[in-house]
Amino acid sequence: MGVFRDNSDSMWELNESSEVDEWKEIESESEKEMGVLVSEEVLAAEILSNPKLLAVFLKLGVRPCATKELVGAAILEEQERGYSRSLERKKIPQSTAYRLLKRLVEAELVEACRGIDRRKRYYKLTKLGEKVLDKVVEVIKSTLKQRLRDKKLEAREFVNSVEETLRVPFELVAPYIKIKTIEGSYEKYYTLA
């Protein structure tokens, strides 16, 4: 069996037992022991960088949810049509929702619980998950403040600005931000409080 080290110091071994020679990467002992990083800032940054993960996490932040509720979570994806671009709602597929929940459970941000009838599985934030949620909400608020900077926008413009910025539906963000309503002569305007 051959073993070699590449330029990135990864170790590879040749699996000669299969019919076709296959090279597979060998995990070093330090990589096996590494585990998940539990810095709240790093975990919050990872959640904010993935709209699907953010949608599931924000939904769990409001209350514990059954798996089916999380499968229906929506995200916004940019769609190009000719010369225009728009955000389109897409539901998170069931397989993706389960994979995201597994990642959140492995990172110890979420824990699974059984319901009264013992058949349904519910997911809720752990103490670490709540700390990370606080950090995520803090970043969301500061990002929206920078983006909206005391702008008075009509309701639809305000919702569109929030959705374009975060790539998740407004209803998932609304419980975490304070909105100030300003009455105009003909219309209502919204801004961050």
Task: Answer residue from segment 166-193, given it is assigned to a loop (DSSP other than H, G, I, E, B) and open to solvent by 100 Å² or more (accessible area, probe 1.4 Å) and is farthest from Lys52 (Cα to Cα) among those - done: Ser185
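Hey, among Glu130, Glu163, which residue is in a helix (DSSP H, G or I) and open to solvent by 50 Å² or more (accessible area, probe 1.4 Å)?
Glu130
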TODO: Inspect segment 102-116 for any residue being open to solvent by 70 Å² or more (accessible area, probe 1.4 Å), modelled with pLDDT under 90, out of contact with any Asp or Glu (no Cβ under 8 Å at 6 or more places or on another chain) and more than 19 Å from Ala55 (Cα to Cα) and give the result as yes or no.
DONE: yes
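Against the condition closer than 19 Å to Glu69 by Cα, modelled with pLDDT of 90 or more and not hydrophobic (A, V, I, L, M, F, W, C), how does Pro175 come out, does it pass?
Yes.
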TODO: Using the structure shown, decide if Leu166 is more than 19 Å from the chain's Cα centre (by Cα), touching a residue at least 12 places away in the same chain (Cβ under 8 Å) and under 20 Å from Val139 (Cα atoms).
DONE: no
Task: Members of segment 133-153 found to be farther than 17 Å from Ala44 by Cα and either open to solvent by 70 Å² or more (accessible area, probe 1.4 Å) or part of a helix (DSSP H, G or I) (or both), listed by number - done: Lys145, Gln146, Arg147, Leu148, Arg149, Asp150, Lys151, Lys152
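The values are calculated or read from the model by the stated rules, or taken from the named source; none is laboratory data. Since the structure is predicted, the reported quantities are computational estimates derived from the model, not experimental observations. Cβ coordinates were reconstructed from backbone atoms using ideal geometry, including for glycine residues, and neighbour counts include every protein chain displayed. Heavy atoms of the whole protein, side chains included, go into the accessibility calculation; ligands, DNA and RNA do not. Shrake-Rupley method; radii C 1.70, N 1.55, O 1.52, S 1.80 Å.
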